Structures are given as C-alpha cells and as structure tokens.
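Encoded as structure tokens, the structure appears first; notes follow it.
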Amino acid sequence: VQLQASGGGLVQPGGSLRLSCAASGSISSISAMGWYRQAPGKQRESVAAITSEGVTNYADSVKGRCAISRDNAKNTMYLQMNSLKPEDTAVYYCHARVGVRGYWGQGTQVTVSS
C-alpha cells in the first residue's frame, strides 16, 4: 500500500483546508484509515480515523471542526478542517491499516498563522 498526502499549506486562523490521501497498491485489503499530526517537539497524535464501514472517530481537540471521509471509488481519504487554530499547526500524515500492519504516507505541512 502506498499513500500520497496533499493539501497542506498556510492558512489564517479561522480558515479551512482539505487534506487528501490517495491510496494505491493492495487497496482492497485496507481496513481503517486515519490522519495523524506531529507538531515540532511533540509526539505524533491521532486526529481522526475512519473504518471501511465508514465509522469515524475524532480527537477531542478537533471534534466539531474536522470531518474525515473516504471516497472508495477514487481510493482517496479526505480531512476537511474548518475553524483552524494556530495549535493545529503540524505535519499531517495519513495512515492505513492492513491486518496488523500499518502504512504511512509522507507528511503534508499545515501552518495556521496570521
């Protein structure tokens, strides 16, 4: 499984971004997918996840501001982020689980600053 993340950038506080994660390879074997982020000097943390059945969960810090979704026809996962805050600044990574194995995409930088 190969994952390609995109959509990061510089946005002002209160703004929005949509991250995308395109999957290729053994896509049919993917169960859950998710987004993680890592800010400078901090550990990588889970932001949102979605199962193959479409069940979602979110970190408390982004609940109500973010929405994760999957387009199985396009083999792509999205993270719509609204009302962005400076503390959302981080490198965002997409992740896919296949059985007991996890796969990571390269990160995409999100910077929230005025």
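The values are calculated or read from the model by the stated rules, or taken from the named source; none is laboratory data. Computed from a predicted structure; not experimentally measured. Neighbour counts run over all protein chains shown; Cβ positions are idealised from the backbone, glycine included. Note: accessible area is taken over every heavy atom of the protein model, side chains too, but ligands, DNA and RNA are not part of it. Shrake-Rupley method; radii C 1.70, N 1.55, O 1.52, S 1.80 Å.
The figures follow:
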| quantity | calculated |
| --- | --- |
| Cβ-based net charge around VAL91, under 15 Å, with every Lys or Arg adding one and every Asp or Glu removing one | 0 |
| Within the accessible area of region 9-69 (1.4 Å probe), percent carbon and sulfur | 49 percent |
| Orphan Cys of the chain, criterion: no other Cys C-beta under 4.7 Å | CYS66 |
| Net charge of neighbours whose Cβ lies under 15 Å from the Cβ of ARG70, counting Lys and Arg as +1 and Asp and Glu as -1 | +1 |
| Potential extension, THR111-GLN12 segment - 0.36 nm per residue separation minus Cα distance | 34.8 nm |
| Top of ALA48, ALA73, ALA32 by mean-square fluctuation, Gaussian network on the chain, Cα under 10 Å | ALA73 |
| Distance histogram for region 5-106 (every C-alpha pair counted, 5 angstrom bins, percent rounded to whole numbers) | 2, 13, 26, 26, 18, 10, 4, 1 |
| Accessible solvent surface per residue of the chain, calculated while the other protein chains remain in place, 1.4 angstrom probe, Å² | 53 Å² |
| Cα Rg, Dmax (largest Cα-Cα span) when computed across region 24-66, Å | 12.5, 36 |
